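**Student:** Could you have a look at this structure, given as structure tokens, before my questions?
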């Protein structure tokens with residue numbers, strides 16, 4: 001799928017359809033046969049910046065790393081044809097032939113790489129978001145774009161302006177890989193860059209309030225039926241209309257010893273069906289191993305060898321998980337308002353929100369790769385930056401965290417005034433004090449953030465919301481993560497199954 005927005009909103013537009021997919025509005029009289037996905041029209045992208053040559057991908061990476069091009073490993077390359085991409089961007093922006101951009105590698109993340117193109121004559125400033133080769137089986141550009149446009153159009157969430165994209169049709173794609181072209185959002189900052197300075201300040205409180213206000217927009221009830229879960233796609237022939245398709249679950253152990261399907265696609269958009277389907281799928285994947293095969297299940301260090309785990313014990317753990325999610329679904333029958341579908345951010349972190357440095361208002365939400373439609377009760381709530389949860393010592397707090405399942409999304413709260421970090425005798429840091437202080441501070445942040453959300457959405461004031469949310473999120477994490485986590489968290493599963 002590709003897309004192409006009107007670069008000049010003052011020009012009358014005509015809607016084009018490409019391969020039965022609604023794409024965009026193009027200026028009337030300026031339709032062009034662009035390489036990004038076979039646009040109909042008499043104008044070729046070669047008329048825009050046909051002969052311009054800028055740095056190759058290798059040269060852009062070398063410039064960022066301040067090294068020689070010979071020091072750039074082939075594994076660091078995405079396969080991007082930078083000059084082909086520049087020709088695409090020139091056609092999208094309709095820049096003059098002489099307006100040759102400068103290129104810059106802006107950022108490389110776990111799944112995507114971001115390049116920036118700046119045009120000296122026209123002043124255009126855009127970014128190009130490209131899935132890394134190893135993540136293209138997980139990241140769908142078309143789904144990401146659909147989620148961004150839905151968030152903007154239906155929920156009023158600010159996003160960078162999308163100029164063009166290509167995902168499925170690479171046959172005429174001069175860039176040679178999937179991409180999203182977006183305007184660069186200027187004069188912004190990301191909260192993580194200064195978060196650990198002046199902890200607890202009034203500025204931090206304002207940032208949390210701004211984030212919560214925008215987060216509440218994501219959580220607004222959507223049109224799909226109760227307990228719907230899925231990924232968004234653009235509907236054919238309607239650029240502002242969206243369809244829901246089943247979720248794809250990344251199998252974390254797919255790259256281990258024995259090859260498994262790296263992405264499992266569900267067959268339903270109904271949460272009860274999806275949970276049962278995932279449970280059956282992961283259980284069958286585990287039980288099909290034979291004694292002579294190399295098993296790819298990586299248990300925790302205190303567990304016996306996987307082949308020595310009694311089959312009956314594992315089935316008991318699996319049955320415990322099914323008992324819990326069945327109880328959660330039954331309890332949700334009493335709270336239909338908590339089952340309304342919303343837009344959920346599964347990778348919610350400060351780095352994915354751009355703020356105004358003066359007002360601290362949200363200027364744009366970015367990185368929609370992990371955004372899905374799911375029931376309100378199941379949506380992640382807190383930014384990852386205020387989740388202090390990794391047990392690092394044999395303290396009572398850490399034991400309680402492990403007993404609660406050891407889910408990083410649900411750290412234990414710790415209250416009280418921060419302790420003095422250094423001892424009086426020799427100035428050494430006291431073991432565990434820094435971690436305790438961080439937990440106390442993050443507990444205060446989560447409390448403030450939750451109260452801000454509750455001011456925006458009364459559903460958070462439902463007495464049963466928090467316990468149901470915890471159980472639902474834990475169940476979903478285990479069902480999408482696979483049997484490795486089931487066994488690691490077997491004690492919690494046995495205990496919780498006995499309680500429900």
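The values are calculated or read from the model by the stated rules, or taken from the named source; none is laboratory data. Just so it is clear, the model here is predicted, and its values are computed rather than measured. Here Cβ is always computed from backbone atoms with ideal geometry, including for glycine, and neighbour counts include all displayed protein chains.
**Student:** Residue under question is residue 97, and the condition is that it be surrounded by fewer than 19 Cβ atoms within 10 Å (Cβ to Cβ) and either within 27 Å of the chain's Cα centre (by Cα) or in a loop (DSSP other than H, G, I, E, B) (or both); does it hold?
**Tutor:** Judged against the criteria, residue 97 is a match.
**Student:** Condition first: surrounded by fewer than 14 Cβ atoms within 10 Å (Cβ to Cβ) and in a strand (DSSP E or B). Can you find one or more residues in segment 126-145 that meet it?
**Tutor:** Among the residues of segment 126-145, not one is surrounded by fewer than 14 Cβ atoms within 10 Å (Cβ to Cβ) and in a strand (DSSP E or B), which makes the answer no.
**Student:** Can you name the number of the only condition in (1) surrounded by 14 or more Cβ atoms within 10 Å (Cβ to Cβ); (2) modelled with pLDDT of 85 or more that residue 286 fails?
**Tutor:** (2)
**Student:** If I filter segment 356-365 down to residues being in contact (Cβ under 8 Å) with a residue 12 or more places away in the chain and over 17 Å from residue 218 (Cα atoms), which single residue comes out as surrounded by the most Cβ atoms within 10 Å (Cβ to Cβ)?
**Tutor:** Selected residue: 360.
**Student:** Could I ask something else about it? Can you tell me which residue within segment 56-73, out of those that are free of Cβ contacts under 8 Å to residues at least 40 places away in the same chain and under 27 Å from the mean Cα position of the chain (by Cα), is surrounded by the most Cβ atoms within 10 Å (Cβ to Cβ)?
**Tutor:** 57
**Student:** Residue 207 passes all but one of (1) farther than 27 Å from residue 376 by Cα; (2) crowded, with 17+ Cβ neighbours inside 10 Å; (3) modelled with pLDDT of 90 or more; which number fails?
**Tutor:** (1)
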